[in-house]
Structure formats: C-alpha cells, structure tokens
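Notes to accompany the following structure.
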Amino acid sequence: MAEGLATLAPDLLLLQEVFATDDGQADTAAFLASALSMHVAAVPARRKHRMFEGQSCLSTSGLAVLSRQAIKSWQALDLPCDEADGERIALLASVSHRGQDLWLANLHLTHLPEAGALRARQLEYCLEALQPLAGAGPFVIGGDFNASPGSAEFDQMLQAPWRLINPFAGQAKATHCNDAGQEMDLDHLLLSHHWATAKMCRAFIAMKPDEQESGKRPSDHAAVGVELPDKQPEEGLKDRQSQPDLTQRQPV
C-alpha cells in the first residue's frame, strides 16, 4: 500500500478498515503516515479479536485521514447502526488543500445487504453534522459506501437539499469484486456544490486488486481519486441559493 500510494503522491487520503493492534505491533495509519511523510488523524472502531500474523489479538478497524498539510481539527461521529452489524462511525476533518480550506468526511457504511434505509440514515446523519462545520465552504465526503450509483441511498445525495457532485458521473467504474466474481462499485468521493462550476482535472481508479502482482495486493478494494481545482471558484462562493438550508433540521 505504501509503495502504491507513494507513486500516486496524494495530498489527502481517506482510509477505511484501518487495522491497529492493541499491543502496538501494527498500526496501518501510523505506518502509512510515516512512509508518506503525512500528518494523520485516526479513530479506532469495531474492537475485537482478529488474526494477525497467525495469532489472535485484540485490534480495531477504524478510519483515518492523512494530509500533506497539518490537519486543523478533527472529530469522530457515531452513526446510526444495527446490532447485527456493529459500530459505525465517520471521521470529520478540517484541512487546507492548495490554497483553500475544506472539510473531509470519511466513512464506512453498513455492509448488511438489505440495509439500504440504514445506509441512507447514516449518510444523512453525517451530512447533517458536516454542514454546520463546513458552513459556506467546500467539503468532500468519501469512503466505502457499500452502495452503488442507482441505489436510493446513493442517489439521494445528488438531489436536493444536498446536490452533491459525483466526479465519476458518466464513467464505468468498479472498485470491488465479490466472492461470486461480480464487479461492484462501492467506493466513492462526492463533492459539495461549490465545485459545480469547476472542471475536475481527473477522476480515476488506481491500485485495482486484479492489476497487482501476486502477493502484493494492497486491498480487496481499488482506490478512487480526484484532482480538485487549486482554488474554490468564485461562483461557488456567490451562489447562496444553491446551499442547503438545514438550520432547522435535526439529525435523523
């Protein structure tokens, strides 16, 4: 993973299923931050015994944000969850990126196959918490949604009041292959409306598992990336009417 990311040289990283053992023998976020010379904010989650190098050990599988610039602030957000699935959280972080301040929301939604309504609540809850933090500024929400474009929970974010932008719209995209060999599009980066008038330089998939050398797969999911404009367009700052008015709404 460090080798692949070093080649990509990203300014910002959103990581899910960040493995760390209680005894400190392994810490994916800390290792990658050191290898890539990046700042890190990490939140542990889903603590239980897992196998590591042939032995069972207490460990967590959480979320992390890595940034070339210092991370200004960050916080964890508990999401609605189902006992059949367990703890689900989001990591919200304030960062600077090429001359502009923005917020990141990193999440990993429930994997339960018939839980589209729960994923919708988790997304809504995250956006409800993110909106007052970002205010009139731009934000990016990304991670493993366990949902594809065309599903109700994904498409709701592209509509009012959120009107998020999918930089992969119109592209054929698959980020994971299930045990039956079916390609699935589960991992996404969505942008706030502030970039509606800006041209994305590139939205891309990298480090696909089936393209890696044998024994060197960094993950069973591909990485998704987008090159953002260097500066927030003035139209996004002026277009107050396009911003969601959620001041009277409460988290679901």
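The values are calculated or read from the model by the stated rules, or taken from the named source; none is laboratory data. Here the structure is a predicted model, which means the values were calculated and not measured. Because the Cβ atoms are built from the backbone with ideal geometry, glycine has one as well, and the counts that use them run over all protein chains shown. We work out accessible area using only protein heavy atoms, side chains counted, and drop any ligands, DNA or RNA first. Shrake-Rupley method; radii C 1.70, N 1.55, O 1.52, S 1.80 Å.
How high is the FRET efficiency from ASP78 to ASP155, r the C-beta distance, R0 22 Å, rounded to 0.05? Show your work: numbers first, answer last.
Values: r = 25 Å, r/R0 = 1.14.
Step by step, r from the Cβ atoms, then E = 0.30.
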- GNM top mover of ALA172, ALA93, ALA120 - the chain, alpha-carbon springs below 10 Å: ALA172
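Using only the Cα atoms of the stretch 73-117, build the gyration tensor, take square roots of its eigenvalues as a ≥ b ≥ c, and label the shape rounded, prolate or oblate: rounded if a/c is under 1.5, else prolate if a/b is larger than b/c, else oblate.
Prolate.
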- Would you compute, from DSSP H runs of 4+ residues alone, the mean residue ellipticity of the chain at 222 nm, taking -39500 (n - 2.57) per run and dividing by the full residue count, rounded to the nearest 500? -5000 deg cm²/dmol
- Task: Please grab the % of Cα pairs in the stretch 63-144 that end up more than 16 Å from each other.
- Result: 51
- Using +1 at the Cβ of each Lys and Arg and -1 at the Cβ of each Asp and Glu in the chain, identify which of PRO209, SER61, MET38 lies farthest towards the dipole's positive end. MET38
- Computed from the beta carbon distance with a Förster radius of 25 Å, FRET efficiency for ALA9 and CYS177 to the nearest 0.05 stands at 0.40
- Query: Dipole size in debye (nearest 20) for the chain around its Cα centre, Lys and Arg Cβ +1, Asp and Glu Cβ -1?
  - Reply: 680
- Item | Label-point gap, in nm, between HIS49 and GLU128 - each point 7 angstrom along Cα→Cβ | 3.8
- Note on the structure: Among CYS126, PRO10, ALA115, the residue whose Cα sits farthest towards the positive end of the charge dipole of the stretch 1-153, when +1 is placed on the Cβ of each Lys and Arg and -1 on the Cβ of each Asp and Glu, is PRO10
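Summarise the long-distance tail of P(r) for the stretch 112-175 by giving the % of C-alpha pairs beyond 18 Å.
When all Cα pairs of the stretch 112-175 are counted, 37 percent exceed 18 Å.
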- Count charges around LEU164 for me, please; just the other residues with Cβ under 14 Å from its Cβ, Lys/Arg as +1, Asp/Glu as -1. -3
- Query: Using the Cα atoms of the chain to build a convex hull, what is its mean projected area in square nanometres?
  - Reply: 14.0
- Note on the structure: Ranking PHE52, PHE139 from most to least accessible area with a 1.4 Å probe gives PHE52, PHE139
- Identify, among GLY24, GLY86, SER96, the residue whose Cα sits farthest towards the positive end of the charge dipole of the chain, taking +1 on the Cβ of Lys and Arg and -1 on the Cβ of Asp and Glu, with the dipole about the Cα centre. SER96
- Query: Rounded to the nearest 0.05, what FRET efficiency is calculated for ALA206 and CYS57 with R0 set to 25 Å and r the Cβ-Cβ distance?
  - Reply: 0.25
- Message: Could you report the accessible area of ARG68 in Å², rounded to 10, computed with a 1.4 Å probe on the protein chains as they sit in the structure?
- Response: 80
- How long, wide and thick is the stretch 48-93, going by the Cα atoms along their three principal axes, in whole angstroms, largest first? 37, 29, 10
- Percentage relative contact order, the chain, counting C-alpha pairs under 8 Å, at least six apart: 14
- Rank these by accessible area, largest first, 1.4 Å probe: HIS193, HIS111. HIS111, HIS193
